[in-house]
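Read the structure below first, then the notes.
The values are calculated or read from the model by the stated rules, or taken from the named source; none is laboratory data. Fair warning: this is a prediction, and the values are worked out from it, not measured in the lab. Because the Cβ atoms are built from the backbone with ideal geometry, glycine has one as well, and the counts that use them run over all protein chains shown.
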Ligand code: TMP
């Protein structure tokens, strides 16, 4: 008789642009792997060949906000079916840099797409595949804008979202915080304004608790 493996854990990382999320993501993946977990590190939009093509389009092209949400979910459907679900079914731990909370925050909060609309897409695209744990790297909109401006001054080209005004990032952040407060068992809010070592210490505690 074959014994099916226990379903793996689905961990997502969220936060407004400039929160330092991606820097912490690779550290977290290494920390989980060093504990013996098989980790699949992936991102949204992206994570599949088609998803990466769609990423290129949504991060560069101007379009209606509804179309933006639809493309995020098209990329997500590919990602869930081809990568995330099979990995979780194998018992692997999936660490995904952004997921559906980002659509609520950016397209919903940032751009005003109706919550009900996003909810309907969420139910169609991944009715049973939802994060077990979401780490929200939190910085105020002022800090986000200042960090992005410094990156640009150092020669980094900013994408469509990174060029948004501070008020946009404040709206995105408010939705993230509201979602975190509504689901305290799933979310951990990490104050990402603090020095790197302090943020790492929080992450270490979270890894230890898994
Ligand atoms: P990243 O630079 O953190 O990988 O994220 C890419 C950008 O895509 C980021 O500015 C947020 C945006 N985004 C959305 O607007 N909606 C979404 O559903 C996702 C996953 C990302």
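Observations on the structure shown:
- Against the conditions (1) within 11 Å of residue 15 (Cα to Cα); (2) within 14 Å of the ligand (Cβ to nearest atom), residue 110 satisfies every one except (1).
- A single member of 32, 50 is free of Cβ contacts under 8 Å to residues at least 40 places away in the same chain, touching a helix residue (DSSP H, G or I) at 6+ places or on another chain (Cβ under 7 Å) and part of a helix (DSSP H, G or I), and it is 50.
- Qualifying positions in the stretch 90-100 - within 17 Å of residue 133 (Cα to Cα) and more than 8 Å from the ligand (Cβ to nearest atom): 91, 92, 93, 94, 95, 96
- Residues located in the stretch 60-76, provided they are more than 15 Å from the chain's Cα centre (by Cα) and not in a loop (DSSP other than H, G, I, E, B): 60, 65, 66, 67, 68, 70, 71, 74
- Number of residues in the stretch 191-201 that are under 14 Å from residue 20 (Cα atoms) and out of contact with any helix residue (DSSP H, G or I) (no Cβ under 9 Å at 6 or more places or on another chain): the value is 3.
- Yes/no for residue 88 being under 16 Å from the mean Cα position of the chain (by Cα) and surrounded by 17 or more Cβ atoms within 10 Å (Cβ to Cβ): no
- Residue 60 passes every criterion in (1) within 12 Å of the ligand (Cβ to nearest atom); (2) modelled with pLDDT of 95 or more; (3) touching a helix residue (DSSP H, G or I) at 6+ places or on another chain (Cβ under 6 Å) apart from (3).
- Within the stretch 1-29, tally of residues that are touching a residue at least 40 places away in the same chain (Cβ under 8 Å), out of contact with any helix residue (DSSP H, G or I) (no Cβ under 9 Å at 6 or more places or on another chain) and part of a helix (DSSP H, G or I): 4
- The stretch 1-17, subset modelled with pLDDT of 90 or more and over 13 Å from the mean Cα position of the chain (by Cα), residue nearest to residue 101 (Cα to Cα): 9
- Residues of the stretch 64-79 that are within 19 Å of residue 179 (Cβ to Cβ) and more than 9 Å from the ligand (Cβ to nearest atom): 65 alone.
- Every listed requirement among (1) surrounded by fewer than 20 Cβ atoms within 10 Å (Cβ to Cβ); (2) within 16 Å of the chain's Cα centre (by Cα); (3) within 14 Å of the ligand (Cβ to nearest atom) is met by residue 129 save one, (3).
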